[in-house]
Amino acid sequence: MAETLNLKNLKKHTISKSLRSKSCLIFGSPKVGKSTWAAGAEKVLFFNFENVTEFLPLETEPIPIQKWTEFKAYLKQLRDPEIQKMFSVLVIDTVTIAAQLCEKYICLQNNVEHVKDIPWGAGYSMPATEFFNVFHEISMMGYGIIFLAHTKTQYSEYVDEKGEKIQQVTADVDKRIFSILNGMCDIIGYAEKQYDPINKTMNRVLYVDADAPDKVTGGRCAQYFPKMIPLN
């Protein structure tokens, strides 16, 4: 239980530039540089749900995860104050696979093959609840979290000048999981490659535009960034 603060002694709130205690979701096509960007975070620890970190310049070896129970087993260590001094940011690569393992865990707990087989329709919300509880606890410990995901396209609520719905790119995660990430993450960014015809170079950029109708991006921190920034 957290220590109760004396309200008379509260200090002025300041916004830190550190990624500690902040969460973000970065999605983009494979090989665009998401994992490489995340590897540059200070005191970073990778939880490797997808085997893509062999060539990343990491100070500590990534943690391979094949089962949700394996990931939950690290929660006890993450609560250790000494571990919290060692690591500031946790990377979940990819959050899509993490969510799938979470759902499989729920199925095993209830002795069913699919969540739809859990009585009374309760199974549809149980994976999302489990996912939220785990990452909410991690966030409350003070760790920053970088969730990485691939992309998918969907039709948005916006329409073009012809009255047709605009297709938008978003993170390739279940809608219930995305709803949790959307509420939890301070920033949601879309990474892509852009060709510069003048310099004849391929540049990697990150969109954080909160008002882009063709990208599901933005967040609480979007006001502090340009709509598009270099992915570095």
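The values are calculated or read from the model by the stated rules, or taken from the named source; none is laboratory data. On a predicted model such as this, the values are computed, not experimentally measured, just so you know. Glycine gets a Cβ as well: all are built from the backbone with ideal geometry, and neighbour counts include every protein chain shown. Please note that ligands, DNA and RNA were not included when accessible areas were found on the heavy atoms of the full protein model with its side chains. Shrake-Rupley method; radii C 1.70, N 1.55, O 1.52, S 1.80 Å.
Miscellaneous remarks
- Among the residues making up region 36-63, those that are open to solvent by 90 Å² or more (accessible area, probe 1.4 Å) and either on the phi < 0 side of the Ramachandran plot or touching a Cys at 6+ places or on another chain (Cβ under 6 Å) (or both) are GLU42, ASN51, GLU54, PHE55, PRO57, GLU59, GLU61.
- When we screen LYS31, LYS22, LYS8 for residues that are closer than 24 Å to PHE131 by Cα, out of contact with any Cys (no Cβ under 7 Å at 6 or more places or on another chain) and of a type in the set (D, E, K, R), the only hit is LYS22.
- Of all residues in region 112-133, those that are open to solvent by 40 Å² or more (accessible area, probe 1.4 Å) have Cβ atoms under 7 Å from Cβ atoms of residues that are not in a helix (DSSP H, G or I), 6 or more apart or on another chain, in MET126/ILE118.
- Count - residues of region 168-193 that are open to solvent by less than 60 Å² (accessible area, probe 1.4 Å) and either at pLDDT below 90 or part of a strand (DSSP E or B) (or both): 10
So that you can scan it fast, the table gives a plain yes or no per residue for (1) in contact (Cβ under 8 Å) with a residue 60 or more places away in the chain; (2) outside any loop (DSSP other than H, G, I, E, B); (3) acidic (Asp, Glu):
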residue: ARG20; (1), (2), (3): yes, no, no
residue: PRO30; (1), (2), (3): yes, no, no
residue: SER35; (1), (2), (3): yes, yes, no
residue: PHE47; (1), (2), (3): no, yes, no
residue: PHE71; (1), (2), (3): yes, yes, no
residue: LYS76; (1), (2), (3): no, yes, no
residue: GLU82; (1), (2), (3): no, yes, yes
residue: VAL91; (1), (2), (3): no, yes, no
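- All of (1) open to solvent by 20 Å² or more (accessible area, probe 1.4 Å); (2) within 30 Å of GLN109 (Cβ to Cβ); (3) touching a Lys or Arg at 6+ places or on another chain (Cβ under 9 Å) hold for TRP68 with one exception: (1).
- Condition broken by SER139, with the remaining ones in (1) of a type outside the set (Val, Ile, Thr); (2) over 26 Å from GLU42 (Cβ atoms); (3) in a helix (DSSP H, G or I) satisfied: (2)
- Search result, residues across region 144-167 that are part of a strand (DSSP E or B) and farther than 30 Å from LYS17 by Cα: LYS152, THR153, GLN154, TYR155, SER156, GLU157, TYR158, VAL159, LYS165, ILE166, GLN167
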